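Read the figures in this text as sums done on the coordinates, not as results from a lab. Quick caveat, the model's predicted, so the values are computed rather than measured. Here the Cβ positions follow ideal geometry from the backbone for every residue, glycine too, while neighbour counts run over all protein chains shown.
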Amino acid sequence: MKLSKIASVLGCEFDAEDVEIVGMNALRDAQDNEVSFVANTKYIKDIQQTKAKAVIIPKDMLDHLPEGCVALVVENSYWSMAVLSKYFAPPIEDDTLPPATIGQGSRVSDKAEIANGAKIGKNCTVLAHVYIGANAVIGDNTVIYPNVTIYRDCVVGDDCIIHANTAIGADGFGFATNNLGEHKKIYQNGNVVIEDDVEIGSNVSVDRAVFGSTLIQKGVRIDNLVQIGHNCNIGQYSVFVAQSGSAGSTKLGRNVVVGGQSAFAGHLEIAPFSNFAARSGITHDIKESGKTYGGFPLMEQRKWLRLQAKIARLLK
Amino acid sequence: MKLSKIASVLGCEFDAEDVEIVGMNALRDAQDNEVSFVANTKYIKDIQQTKAKAVIIPKDMLDHLPEGCVALVVENSYWSMAVLSKYFAPPIEDDTLPPATIGQGSRVSDKAEIANGAKIGKNCTVLAHVYIGANAVIGDNTVIYPNVTIYRDCVVGDDCIIHANTAIGADGFGFATNNLGEHKKIYQNGNVVIEDDVEIGSNVSVDRAVFGSTLIQKGVRIDNLVQIGHNCNIGQYSVFVAQSGSAGSTKLGRNVVVGGQSAFAGHLEIAPFSNFAARSGITHDIKESGKTYGGFPLMEQRKWLRLQAKIARLLK
Amino acid sequence: MKLSKIASVLGCEFDAEDVEIVGMNALRDAQDNEVSFVANTKYIKDIQQTKAKAVIIPKDMLDHLPEGCVALVVENSYWSMAVLSKYFAPPIEDDTLPPATIGQGSRVSDKAEIANGAKIGKNCTVLAHVYIGANAVIGDNTVIYPNVTIYRDCVVGDDCIIHANTAIGADGFGFATNNLGEHKKIYQNGNVVIEDDVEIGSNVSVDRAVFGSTLIQKGVRIDNLVQIGHNCNIGQYSVFVAQSGSAGSTKLGRNVVVGGQSAFAGHLEIAPFSNFAARSGITHDIKESGKTYGGFPLMEQRKWLRLQAKIARLLK
């Protein structure tokens, strides 16, 4: 999409060099053929260092733009980013892609739907009513149980098991809201990458990234009815017990254990080998590894147990 | 169904005029060709004002019945209502209905099932393994991802997106229990109505109404793994974050924001522009709009934060 | 599988009589043609009384083995059990089984998949995109809504209703972890048994047992988005409200009522007619029947209410 067209879609002035823009991305990750945006002063450092060709930006943050980066000046930059995201959304299915390929020894139900462009490795089992979207890639020896949905562009590694009725790669929960309280969808043009030897339970939701990838690293175990928000990065061998979840962009180190019905707020960093008792509510980073936490607000689990004992004494 | 037949099904005496009854409904909403019921003295005002042709009623509440309204006197009126509900349940599928119609420009997978009587609007995308039930209506430009189930009689508006593995219109959780502890299903003969520009995540359950409609108003955003009980009414542009939910018959004003893992009890009224922090437990009406709450029991969020600080001090 | 082969798979010495072993089982339930395991000193009594032909056991517990029971001595017996479990896992589908049988009067969608070896009773309704696995048995008059997955060997009784997108019989959440933090799947070779007159909501996960059966007794009612872990036993007429759940091996008496978002830890015994308010967290046995509990940590509900009132006073 031409940069001039983007300016026109967003209704902003444009007199820069007109180049081809291939996508949208975060300030830190954008390349010089991508457009980015900024909506919050806490990202000023990221503006200063961005390599994006152009940035959707409110007037009062213009000063921070690096030289050579085109300003797309708008009133509500988050809303404008949402408007533009639709233009970079690929079609859900694409008949012009080549037919799916299926590796040797794989057993794929004729009641599964494998979209054009998808690739399934060797010795996989894909059961009835599975959907594998355009350009999705499934590794070798992977089992996908009935009624699983894998959205386009998602990647599943070797030796994985995905249980029934799980959704991999649905859109992350992203939208802008204007001052009338109306919402505008932010198209989620990233994907989900699941590494090797991962098992995911039934009725799980792992959302695709807005940009880039939601990442489930090697050896992770996810129980039933778990929510993994867009752009999370789940460290290897981490464990999510049933009905737990994470909001978007949270990053877990390796071997983190998340108790049942626990949840992470978004944009956190969690040290490796952290343990969370059932129903923990985690709203801040965990920097020291190997400890056990519980409660909401979160505290060390042994403190939480002592605190509950003290609280019970209030009744006496 | 003849009123005399209903009396016979319920095992009650009958010597009134024998008219055709077309359905069951709540006391307030029943028309004069419908039957209603009362099981609780708190609805006495509703009995007095009902337009129902007949009411299933225990002996000791008979005095409140308006003139001309036929009494169907039973011992356990809630149980009797459950017994009768089955007789008004339409067939799940109905081969006598006309074939489904699909609007111009819509792309419907041949691995989707569109039941007789359903109508799909223009320029929709309906992916593989979707089920759209009898007489369901889908508006224009709506996208329904794989493995979504939309039960019979449900209505989805224009410009909606429903993500994979979501169930719209399953039966609300309704049953009567007798004094042996046995349960009798209350057939849920209402539907779900989803207005325009609604996006619903993956693995969501929106239950159909027992009578009337569960309503999701224009512009609502629902994240993954959310539960919406029967007969809820979700105000426009309201937002449910992942793993939150509502019990039945709760009514939200517009732009209510419901944090992750929060939940509403049933039969509440929530003022517009209310905000609920993650894991709020809401068990009473909210009358003043625009405030932010948290905790369980619920309190204003700033109070909850202060309280947690005080509680933490108990440890010292 | 020959016992000598098992010893070879586990890399342990073997000089006993070489007999055919037909399966794995818990110490208490194992028969003399099965192999069992012990990984924890709290099961010493169970070792002493086991009828298993052989037990996977660490060296330091050897003394407790009954005479005639073969010791399969390994370093990490839980890990070894996981390794072996894969060898007893039946194929997901089995083309050598006879074609499925469907009882008189049943309506089965041609877009459902009924695997070889399955049996469907009379007058059932099985809708599109349902999957019924190998050797699964469905009783009479049962309704299975679209996109439900029933895994192999599971049993559903008469007069049941299973709502859309529910998964019955996915693998329980079982794995061993070594001292590098890597996980090894424990294949779940048991099943789920659902008795008569059970209704299960949408997006529910009922996991199959590791050995034996996960049991949902007669008349149980399960709402949407509920998690039932492997080897649970849910007493008749018990009720799970939406988004509640149970970890594995918990046993409920009859008519237990579980409020929304409540959860049980694993391996508990809950007295009949116990009631749990919404968001109860149950981590210990309940021995006295008929009481009402709430909170986390759990207490009697009337105490929890009093306690919350006291806590609120901290703010003054």
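A few points about this structure:
- Here's the list of aspartates and glutamates a cross-link from residue C:316 could span, going by alpha-carbon distance under 20 Å and ignoring same-chain residues fewer than 8 apart: B:300.
- Summary for residue A:316: label point 7 Å along Cα→Cβ; distances to the equivalent points in the other copies, ascending, 2.3, 2.3 nm.
- Semi-axes of the equivalent ellipsoid for region B:101-192, computed as √(5λ) from the eigenvalues of its C-alpha gyration tensor and ordered from largest down, come to 31, 12, 11 Å.
- Net charge in the neighbourhood of residue A:80 (other residues with Cβ under 12 Å of its Cβ; Lys, Arg +1, Asp, Glu -1) is +1.
- Entries of A:218/A:291; A:185/A:218; A:310/C:310 with Cα pairs more than 24 Å apart: A:185/A:218
- Computed FRET value (nearest 0.05) for residue B:17 with residue C:110, which takes r as the C-beta separation and R₀ as 41 Å: 0.30
- Mean sequence separation of contacting Cα pairs (under 8 Å, at least six apart), scaled by the length of region B:167-275, corresponds to a relative contact order of 19 percent.
- Annotation for region A:63-119 versus region C:288-316: alpha-carbon center distance of 50 Å.
- Farthest toward the positive end of the dipole of chain C, out of C:167, C:44, C:284, is the Cα of C:284, where the dipole comes from beta carbon charges about the Cα centre.
- If only the Cβ of Lys and Arg carry +1 and only the Cβ of Asp and Glu carry -1, the dipole of the protein assembly as shown around its Cα centre is close to 3960 debye.
- In a DSSP loop and with at most 14 other Cβ atoms within 10 Å, the GluC sites (Glu not before Pro) in region C:258-316 are C:288.
- Label point at residue A:311 placed 7 Å out along Cα→Cβ; residues across region C:249-285 whose backbone nitrogen lies under 12 Å: C:281
- Remark: the Cα gyration tensor places the protein assembly as shown in the rounded category, a/c being less than 1.5.
- Placing unit charges on the Cβ atoms only, positive for Lys and Arg and negative for Asp and Glu, gives chain A a dipole magnitude near 1760 debye about its Cα centre.
- Ranking of B:196, B:110 by count of other Cβ atoms within 10 Å, fewest first: B:110, B:196
- Rounded Å value of the spacing that divides the Cα centres of region C:263-285 and region A:7-60: 53 Å
- Shortest-first nm distances, residue C:29 label point to equivalent points in other copies (7 Å, Cα→Cβ): 4.5, 4.5
- Note on region A:3-88: lysine pairs with Cα distance below 17 Å, sequence gap of 8 or more or different chains, count 5.
- Partner aspartates and glutamates for residue A:2 [C-alpha distance under 12 Å; skip if fewer than 8 residues away on the same chain]: A:17, A:18, A:20, A:34
- The relative contact order of chain B, computed from alpha carbon pairs under 8 Å that lie at least 6 residues apart in sequence, is 8 percent.
- Ignoring aspartates and glutamates fewer than eight residues from residue B:119 along the same chain, the ones with Cα atoms less than 14 angstrom from its Cα are B:140, B:153, B:158.
- Computed FRET value (nearest 0.05) for residue A:1 with residue A:101, which takes r as the C-beta separation and R₀ as 30 Å: 0.50
- Average projected area [Cα convex hull, region C:126-243], square nanometres: 7.2 nm²
- The tail of the calculated P(r) for region A:3-88, taken as Cα-Cα distances beyond 15 Å, holds 49 percent of the pairs.
- DSSP finds beta bridges in chain B, and of those with both partners inside it, around 10 percent are antiparallel.
- Under the Debye formula (equal points on every Cα, no solvent term), log10 I(q)/I(0) of chain B at q = 0.09 Å⁻¹: -0.55
- Neighbouring partner chain Cβ atoms per residue of C:30-40, average, 10 Å criterion: 0
- What separates the residue C:17 label point from its copies, with the point 7 Å along Cα to Cβ, is 8.7, 8.7 nm, written shortest first.
- Using C-alpha pairs below 8 Å separated by at least 6 residues, the relative contact order for region A:3-88 is 27 percent.
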